[in-house]
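First the structure, in the form of structure tokens, and then the observations on it.
Read-outs: derived from the displayed coordinates by stated rules, not from any lab. Note that this is a predicted model, so its numbers are computed, not measured.
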Amino acid sequence: MGQMSNGTARDSAWFEALFRQHGNHVLAYASRPCPAEADDVVAEVFAAAWKHRQTVPAEACRGCTEPPPTR
């Protein structure tokens, strides 16, 4: 499977909090230039955030209970 299967429960909780905090904002931003593709843009943005989760700054997710995962 993909990168998601390698994540821990902590990774998943952090990612869920990140999505809850920023998902609607990313969707609103993506809807302006390309409403028909906005959902795909959001999926790609958060797929990239998951893939690079070790390098996302802690302040990127104020609602997260823990800092970004480290390996």
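Full extension from ALA36 to ALA13: what is 0.36 nm times the residue separation minus their Cα-Cα distance, to one decimal in nm?
5.4 nm
Using the Cα gyration tensor of region 9-60, with a ≥ b ≥ c the square roots of its eigenvalues, what is the shape: rounded (a/c below 1.5), prolate (a/b larger than b/c) or oblate (neither)?
It comes out prolate by the Cα gyration axes.
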